Structures are given as structure tokens and as C-alpha cells.
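The values are calculated or read from the model by the stated rules, or taken from the named source; none is laboratory data. Just so it is clear, the model here is predicted, and its values are computed rather than measured. Glycine gets a Cβ as well: all are built from the backbone with ideal geometry, and neighbour counts include every protein chain shown. Accessible surface areas use protein heavy atoms only, side chains included; no ligands, DNA or RNA. Shrake-Rupley method; radii C 1.70, N 1.55, O 1.52, S 1.80 Å.
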Amino acid sequence: MALRSVSRKSLSLGLAVGQVRGLQSFSLPELPYDYGALEPVISGEIMQLHHLKHHQTYITNYNKALEQLDEALAKADSSSIVQLQSAIKFNGGGHINHSIFWKNLTPVREGGGEPPKASLGWAIDTQFGSLEVLIQRFNAEGVALQGSGWVWLALDKELKKLSVQTTANQDPLVTKGSALVPLFGIDVWEHAYYLQYKNVKADYLKNIWKVINWKYASEVYEKEIP
Amino acid sequence: MAFRPLLSRTLGLTQTLTHSHSHSHTLTQLRGLQTFSLPDLSYDYGALEPAISGEIMQLHHQKHHQAYITNYNKALEQLQDAVAKGDSSSVVKLQSAIKFNGGGHINHSIFWKNLTPVSEGGGEPPHGSLGWAIDTHFGSMEALVQKISAEGAALQGSGWVWLGLDKDSKKLVVDTTTNQDPLVTKGANLVPLLGIDVWEHAYYLQYKNVRPDYLKNIWKVINWKYASQVYEKECP
């Protein structure tokens, strides 16, 4: 996640108890591929809107909420502190989730869709039976998700177990369990597919596997389970 | 809401027989299961342009609303089976699908009546008692519109924003519901006068990410006549 420090050194001496020091402001990470590079699976139009508008808005609102939190802390205004948590969770979660998502996708010519080998591939076969079974589970959960949310391939880093999880709205995976590490997530908010797939969420889910970046998922897995 | 009785006359006879033996039933059975069907719009798909595109109206009605109805009917059928078997686990598990899809059917059936073409009075502010109640409760029509639009824009994820009437206190309220929860889930006394769908499918093809523009424009096709009728029925 790219961030720029807002210099608060000169203020740090006079800070009241519990203030957020050196407030960072977050900024939009770049995609490692062009907007059109995931076609025909995900249209360039969707990728551009999703990145430049949706993700950027989460970041803008996240930064604003953190700034308001900073002020509320300085005033010890607990009512505002608590009230701000909804905006922080939603927009911060949106930033977290989309930052992961861009890394979960990659063009076909960069290996998009190539099944995982090595330890992650083996773990999937052991715990799900096969990659096909995992994909089927995943898609079923995605189709069944009511409203907006995400579907995740999760690693419980303590139990060393894989699972398919869903979260609502922009809740990050960690809200389903503090030991859960996202290997990858698929955005099933309507904005992620509607311009191209309209109401047929199932077709979006069927096609997105062609551009899933299993290499990145394996890297995350191997970092937790070396 | 249009529905056709699933059961024909022959089953009506069975119902009579069942009823006469009801004292020997230990379980409650669902009788005469209805199937719900898609209500017609009272205007063409393109009639709300440019506020809402014909493409959106057609998809929204024929695909989204229809899917809720299809899945609602399926869940009710499964519920009937589960109740007949005394399978409480399934009965309880089915409630999520019934709430979501039944709610989707309820909400969209109201929504189509909340909209009307400009040529049919869309956007014309309410007169009569509802107009007066709005001025009293909110200060002005503009204030109400701003409040509903702000709540709609701020809604996290998918849901609806409502102008409701608390039929006990006779007070107007602005409220939101998530996903396909009907307004009644926010209060048993709440009657929906007007609902605006803020799921992305309601506006994305036309307005993309700019939900506030959708909310700004939809007022041009709001059917205040219908809202007034509902209001006057509860507050004669």
C-alpha cells in the first residue's frame, strides 16, 4: 500500500494523549498491468472505473475519516471516535481489500489462470480434493452471497488450514478470524462485473479464474508455511 | 403482488379432508401454497428516460426482480417439504433465502409503483395531507429530498432508502434497510410510502459509480400520487 507521510514532527511535542502521530495519508497503488490486459475476462472499462473511481474513493474517504479521528482524539471526543469507526472500517476495508485484489489478478501472458503447483497446489488437493472442487465451492459461495461482499481463499496460519470464506460489504477477511490470511479474494460487488456481465454473476465467477494470479497466492502461502 | 394459486380444485378437496383430520396432526402444515409471479410495470421500460434508462428498467424487472421471485417460490416449496417432514433444521436454514428473496419481491413490487413517467405526473410534488405532513416533519420538500438522497448515498453496500410512515405515531420517517430487508424489519409499525433501490444494479449501467447523480435525478420520476394514496389510507 503506497503511503505518504504527512509531516507532523513539529506538532508531535504538543500532542494530547492518544493522538495519532505522524498521520499517514494513503494513496492509490498502481496496477502492475494495463487496464485492458485482463480482457476478455474483465473489461478495461471495468478495471479503470474499479481502480480510478471505486478504490480511489475508499482511499479518499479513509484518509478523511482518519483525519477526523485525529481531531476527535485530540479533543478526547469519544462520541465522535466511536462514530467514526463505521467509516474507517468500510473505507479502510475497501482500501485493504482492493489492494489485495489487484495483486490477485494478472494477465494470461503473465501466468494468469495457471494452477498453483508446489505446496499450495498440494494443500488444495489434500484439503479440497482437487482445484476443480475448490473452484466449484468458491463459485457457489460467490453466487449465494446476498448483497455486496467478497469471497476469499483463506489460510488459517495457526491451524495451517485452507478455507473458503465470505465477508460482507468491505469487511476484510480478518474480521472472520484473526488468524486468517487472505491468499486471494474475489470482489462480488455488482460494480466488479455489472457493465460486462449484467446480472449474471455466475458467468463473471466462471471466467475470472482465467486471470487469477496463483503465483502471488503461492508466495503468500509459502511465507506463512515455509 | 400477482400470484397464482398453485393448487387446483382437486387439492382443495384434499384440504377439506385434511382439515377434518387436523386433530390427529402433530405438525402444522402449509396449506394452499401460492406461487408468486412478476407484476407488470404500468409503463414501458423506456418511459422513465432520461432519469432511468430503458436498459436498466428491463434488466431490473425481467432479470433481477424475476430472479427474486423464482428463488422465493423455490424456497417456499422447500419450506413446505421441510415443515411436512418436521425437519426444523431445514425450516430454520431456509429463513435466510425466504427473507432475502421474499424481501426482494416485496421491495421491487413497491418500487415499480413508486416510479412513473413525467407524462403521468412523475416528479410532481405531493399535495394534500402528505405534502402538509412533509412540510411539518421535515420543513420542506427540499429538506426531505436532501435527507433521503444523503442517506441513500451514504448507505454502505447494497440496500434501500425509504420514506416511511409510522402508522401508530402517524410520523414520517426516513430510514434505510440493508440488502433486501423490507422496511418492516426496522419497525413493525412502519409502512413504506416510497423506496429507492440503491443496489448498484439499479443505476450502474447509466450512472457508473456516481450514485449521488442517480439519486439527484430519480426525483423527476417519483410517483408522489401513489405515496399520497398510501399515506391517506393510513391517515384518513
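Numbers at a glance
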{"item": "Count of the stretch B:167-192 residues which are within 14 Å of chain A (Cβ to nearest Cβ) and touching a Leu at 6+ places or on another chain (Cβ under 7 Å)", "result": "2"}
{"item": "Subset tally (residues that are more than 18 Å from B:HIS201 (Cβ to Cβ), under 20 Å from the mean Cα position of the chain (by Cα) and open to solvent by 10 Å² or more (accessible area, probe 1.4 Å)) for the stretch A:141-160", "result": "3"}
{"item": "In the stretch A:165-200, residue farthest from the other protein chains (Cβ to nearest Cβ) [restricted to those that are in a strand (DSSP E or B) and either open to solvent by 10 Å² or more (accessible area, probe 1.4 Å) or of a type in the set (S, T, N, Q) (or both)]", "result": "A:VAL181"}
{"item": "Test: residue in the stretch B:131-142 that is within 26 Å of B:GLY54 (Cβ to Cβ) and either open to solvent by 20 Å² or more (accessible area, probe 1.4 Å) or not in a helix (DSSP H, G or I) (or both)", "result": "no"}
{"item": "Residue list for the stretch A:32-70, filter: more than 25 Å from A:GLY111 (Cβ to Cβ) and more than 14 Å from chain B (Cβ to nearest Cβ)", "result": "A:ASN63, A:LEU66, A:GLU67, A:GLN68, A:LEU69, A:ASP70"}
{"item": "Lone unmet requirement of (1) within 14 Å of chain B (Cβ to nearest Cβ); (2) over 27 Å from A:GLU39 (Cα atoms); (3) part of a helix (DSSP H, G or I) for A:ASP203", "result": "(2)"}
{"item": "Pairs, first under 15 Å from B:LEU33 (Cα atoms) and free of Cβ contacts under 8 Å to residues at least 40 places away in the same chain in the stretch B:79-91, second in a loop (DSSP other than H, G, I, E, B) and of a type outside the set (Gly, Ala, Ser), C-beta under 7 Å, six or more apart", "result": "B:ALA82/B:LEU94"}
{"item": "Residue in the stretch A:122-140 that is touching a residue at least 24 places away in the same chain (Cβ under 8 Å), open to solvent by 30 Å² or more (accessible area, probe 1.4 Å) and within 14 Å of chain B (Cβ to nearest Cβ) present", "result": "no"}
{"item": "Verdict on B:LYS216 being open to solvent by 20 Å² or more (accessible area, probe 1.4 Å), within 15 Å of the chain's Cα centre (by Cα) and either among the hydroxyl-bearing types (Ser, Thr, Tyr) or away from chain A (no Cβ under 14 Å) (or both)", "result": "no"}
{"item": "Criterion (at pLDDT 95 or above and not in a helix (DSSP H, G or I)) met by exactly one of A:ALA37, A:ALA16, A:ALA76", "result": "A:ALA76"}
